[in-house]
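A short write-up of the structure that comes next.
The values are calculated or read from the model by the stated rules, or taken from the named source; none is laboratory data. Bear in mind that the values here come from a model prediction, so they are computed numbers and not experimental data. We place every Cβ from the backbone using ideal geometry, glycine too, and count neighbours over all the protein chains shown.
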Ligand code: NAD
């Protein structure tokens with residue numbers, strides 16, 4: 001019999017190099033001591049419930065046939081149907097999709113949504129294919145996973161390199177196969193086919209809501225507070241606008257083209273305009289530009305990483321001069337940097353809480369699709385605020401109770417919720 005130790009790696013992954021799934025297992029091990037009587041159930045978090053690997057054969061524009069690897073992983077369906085995006089990237093692996101699905105279980109449980117965690121991916125770079133090839137890959141992939149997903153089983157959404165148009169093709173393919181309209185099969189759709197008002201801004205708005213709460217707890221007044229933001233896309237630019245409306249000033253913004261700085265506060269509307277015409281913040285007139293290293297050293301009250309994974313790491317963590325980090329991006333802080341910053345007294349609001357506004361409004365989209373009744377943007381924003389505030393308060397109370405960081409507290413809160421449901425439901429048969 002195979003012994004299942006704490007570090008059990010399934011036979012279908014490389015036991016020497018388990019990849020992102022190995023990181024998730026370590027995170028669970030760190031939380032296990034705080035799970036009390038639920039500890040015997042912790043193994044359910046370490047074993048994804050269902051994994052589907054599919055072949056996607058597609059005829060390319062030049063007439064040849066190419067095959068792509070597709071995945072859909074349902075990590076945990078304890079708390080409701082699976083929820084999680086679909087990523088198109090040449091580096092997608094099963095281990096990565098497993099880890100991302102598990103982090104979705106944690107994220108949906110942190111904010112208390114009636115969902116489990118799932119994720120999907122296709123291993124290819126869509127930039128190397130024409131729009132009609134990407135459409136055929138998308139449709140064949142959804143056809144292949146069609147029995148696995150479902151409006152009340154597992155609901156995909158967008159992720160890296162997938163967007164509202166991809167969701168429209170997915171919804172259409174699934175609906176054609178079902179012989180009826182199924183708008184609730186995916187979220188992040190265009191408004192015209194059942195998307196939700198407020199979805200585009202939801203993640204940045206959630207970052208703002210928990211940032212305000214963390215500032216309040218740290219005794220920082222938003223009036224005149226200095227904000228630095230890495231990543232000026234959907235999440236970063238929305239958060240910037242909302243913080244400025246609340247009286248703060250955004251002193252530095254970095255994107256893939258460079259860094260702009262103004263100690264008196266950047267004009268965000270003008271910066272958005274510049275980015276839309278020039279593709280990035282670089283070259284913006286009437287502001288100072290800084291090097292990559294200088295960006296991380298800018299003194300601020302709140303730093304918002306809203307770009308990529310691993311941006312805050314041991315090479316720049318010591319230079320960072322802020323009081324609160326609100327993680328808009330997924331996985332922006334490496335574990336070493338996390339320790340360095342925590343020891344420096346920086347509060348980090350973790351991604352599984354801070355960027356959960358996106359999945360929360362995806363949940364609203366799904367509810368509206370089921371009810372065929374659509375809410376106003378004001379109702380959506382109010383409901384989002386209530387959910388994000390409640391989640392922040394629960395995580396913060398857990399952090400104080402156990403004297404742990406907000407990240408560990410978020411995992412304790414989420415894993416406790418998932419395992420309580422697991423225990424109540426019991427094992428069948
Ligand atoms: P986006 O594509 O709209 O914007 C990404 C931004 O990051 C751009 O400004 C880009 O220039 C910048 N960037 C890219 N590479 C960079 C680099 N090397 N250095 C500095 N900046 C760089 O993406 P988004 O939707 O705003 O997502 C940002 C992050 O938030 C991602 O980690 C994403 O996974 C996460 N997230 C997004 C959502 C959502 O609803 N959009 C939800 C949850 C998490």
Out of the residues in segment 158-178 meeting the condition of being touching a residue at least 60 places away in the same chain (Cβ under 8 Å) and not in a loop (DSSP other than H, G, I, E, B), tell me which one is nearest to residue 144 (Cα to Cα). 170
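Could you count how many residues in segment 339-361 are under 16 Å from residue 106 (Cβ atoms) and not in a loop (DSSP other than H, G, I, E, B)?
Total satisfying the criteria: 10.
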Please go through segment 219-245 and pick out each residue that is more than 15 Å from residue 272 (Cβ to Cβ) and either near the ligand (Cβ under 8 Å from one of its atoms) or part of a helix (DSSP H, G or I) (or both). 230
Reported set for segment 146-179 where residues are at positive phi and within 16 Å of the ligand (Cβ to nearest atom) is 161
Selection from segment 318-337 of residues that are more than 16 Å from the ligand (Cβ to nearest atom) and either surrounded by 20 or more Cβ atoms within 10 Å (Cβ to Cβ) or within 13 Å of the chain's Cα centre (by Cα) (or both): 322, 323, 324
Sole residue being at pLDDT 95 or above, surrounded by fewer than 13 Cβ atoms within 10 Å (Cβ to Cβ) and over 24 Å from residue 34 (Cβ atoms), chosen from 377, 365: 377
Unmet requirement for residue 200, which otherwise passes all of (1) surrounded by fewer than 23 Cβ atoms within 10 Å (Cβ to Cβ); (2) within 16 Å of the ligand (Cβ to nearest atom); (3) modelled with pLDDT of 95 or more; (4) assigned to a helix (DSSP H, G or I): (3)
Please verify whether residue 120 is touching a helix residue (DSSP H, G or I) at 6+ places or on another chain (Cβ under 8 Å) and either within 16 Å of the ligand (Cβ to nearest atom) or outside any loop (DSSP other than H, G, I, E, B) (or both), treating the condition exactly as stated. yes
Output the residues belonging to segment 180-197 that are in contact with a strand residue (DSSP E or B) (Cβ under 8 Å, 6 or more places away or on another chain), without any contact (Cβ under 8 Å) to a residue 60 or more places away in the chain and away from the ligand (no atom under 16 Å from the Cβ). 185
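Looking at the structure I just gave you, is residue 106 under 30 Å from residue 301 (Cβ atoms), touching a residue at least 24 places away in the same chain (Cβ under 8 Å), under 20 Å from the mean Cα position of the chain (by Cα) and more than 16 Å from the ligand (Cβ to nearest atom)? Write out each step before concluding.
On the way: under 30 Å from residue 301 (Cβ atoms): yes; touching a residue at least 24 places away in the same chain (Cβ under 8 Å): yes; under 20 Å from the mean Cα position of the chain (by Cα): yes; more than 16 Å from the ligand (Cβ to nearest atom): no.
It is false that residue 106 is under 30 Å from residue 301 (Cβ atoms), touching a residue at least 24 places away in the same chain (Cβ under 8 Å), under 20 Å from the mean Cα position of the chain (by Cα) and more than 16 Å from the ligand (Cβ to nearest atom).
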Matching option when the condition is more than 23 Å from the chain's Cα centre (by Cα) and assigned to a loop (DSSP other than H, G, I, E, B), among 91, 61, 55: 61
Name the single residue that is modelled with the lowest pLDDT among those in segment 275-294 being more than 12 Å from the ligand (Cβ to nearest atom) and assigned to a helix (DSSP H, G or I). 293
Go through the residues of segment 301-311 one by one and say whether even a single one is in contact with a helix residue (DSSP H, G or I) (Cβ under 6 Å, 6 or more places away or on another chain), in contact (Cβ under 8 Å) with a residue 40 or more places away in the chain and within 12 Å of the ligand (Cβ to nearest atom). yes
Quick one: how many residues across segment 241-299 are touching a residue at least 60 places away in the same chain (Cβ under 8 Å) and either in contact with a helix residue (DSSP H, G or I) (Cβ under 7 Å, 6 or more places away or on another chain) or surrounded by 18 or more Cβ atoms within 10 Å (Cβ to Cβ) (or both)? 2
